[in-house]
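Student: The following block contains the structure, expressed as structure tokens.
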Amino acid sequence: MLDTDLEGLGPKEAAEYVLAFITTLKQTEKALDAAQEDTNVWTRRVSFAQGKGDAGLGAQATARLSDAMAKQSKLETELADLRAKVSVLKEKLTRIRMAGVKLVDADLLLAQLQMAAGKKDDLAHTMKQEEAGAALDELKKKMRGQN
């Protein structure tokens with residue numbers, strides 16, 4: 001299953017799933033901010049160590065700077081991926097919510113009902129009316145004959 005597949009989820013479950021991705025996105029943004037700050041700190045420390053002329057301290061600071069930059073780069077990649085996924089998920093969630101609010105198509109409903117019930121038999125209807133009229137006339141004649 002793809003991360004962006006919401007197939008088979010109802011609107012509530014899909015919203016919870018998308019919310020989890022958005023939460024992860026926000027956490028990744030905060031982690032990236034911290035990684036950028038860490039990179040800035042180690043950049044200043046490398047400059048400080050080089051300014052003091054301490055090669056050993058400078059090498060250690062450069063190694064930490066490299067780690068911080070690698071972490072920052074990884075988080076930037078993750079963040080871009082999450083943003084793309086969240087965008088797709090929000091679009092799919094909107095479609096799922098709209099699908100739950102479908103309007104009734106009266107013409108389609110009538111056509112389906114006619115297919116299920118069959119066509120109205122006009123001849124049978126007319127014959128029943130004529131038969132009922134004839135039976136009523138017979139009853140009227142009998143009633144007049146008894147008076």
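Student: What is the residue count in the stretch 23-36 for residues that are surrounded by 14 or more Cβ atoms within 10 Å (Cβ to Cβ) and polar (S, T, N, Q)?
Tutor: 3
Student: Could you grab me the full set of residues in the stretch 48-61 that are surrounded by fewer than 16 Cβ atoms within 10 Å (Cβ to Cβ) and part of a helix (DSSP H, G or I)? If you could, list the steps in order and put the result at the bottom.
Tutor: Pass one, the stretch 48-61, residues surrounded by fewer than 16 Cβ atoms within 10 Å (Cβ to Cβ): 48, 50-57, 59-60.
Hits for the stretch 48-61 are Phe48, Gln50, Gly51, Lys52, Ala55, Gly56, Leu57, Ala59, Gln60.
Student: Would you mind finding the one in Ala111, Ala70, Ala20 that is in a helix (DSSP H, G or I), at pLDDT 95 or above and surrounded by fewer than 16 Cβ atoms within 10 Å (Cβ to Cβ)?
Tutor: Details: Ala111 fails: at pLDDT 95 or above; Ala20 fails: at pLDDT 95 or above.
One residue alone meets the criteria, Ala70.
Student: Somewhere in the stretch 4-12, is a residue assigned to a helix (DSSP H, G or I), without any contact (Cβ under 8 Å) to a residue 60 or more places away in the chain and either more than 20 Å from Glu76 (Cβ to Cβ) or not charged (D, E, K, R) (or both)? Explain how you work it out, then say what you get.
Tutor: Our first condition is that a residue be assigned to a helix (DSSP H, G or I); within the stretch 4-12, this holds for 11-12.
From what's left, without any contact (Cβ under 8 Å) to a residue 60 or more places away in the chain: 12.
Then keep just the ones that are either more than 20 Å from Glu76 (Cβ to Cβ) or not charged (D, E, K, R) (or both); that gives 12.
Looking for residues that are assigned to a helix (DSSP H, G or I), without any contact (Cβ under 8 Å) to a residue 60 or more places away in the chain and either more than 20 Å from Glu76 (Cβ to Cβ) or not charged (D, E, K, R) (or both), one finds at least one in the stretch 4-12, hence yes.
Student: To continue, here is another question. Kindly indicate the residue of the stretch 51-103 that is acidic (Asp, Glu) and farther than 15 Å from Leu32 by Cα and also farthest from the chain's Cα centre (by Cα) among those meeting that condition.
Tutor: Keep residues of the stretch 51-103 that are acidic (Asp, Glu), which gives 54, 67, 76, 78, 81, 91.
Narrowing further to those that are farther than 15 Å from Leu32 by Cα: 54, 91.
Working: Asp54: 57, Glu91: 6 Å.
Here the answer is Asp54.
The values are calculated or read from the model by the stated rules, or taken from the named source; none is laboratory data. Bear in mind that the values here come from a model prediction, so they are computed numbers and not experimental data. Methodologically, a virtual Cβ is constructed for each residue, glycine included, from the backbone with ideal geometry; neighbour enumeration extends over all protein chains shown.
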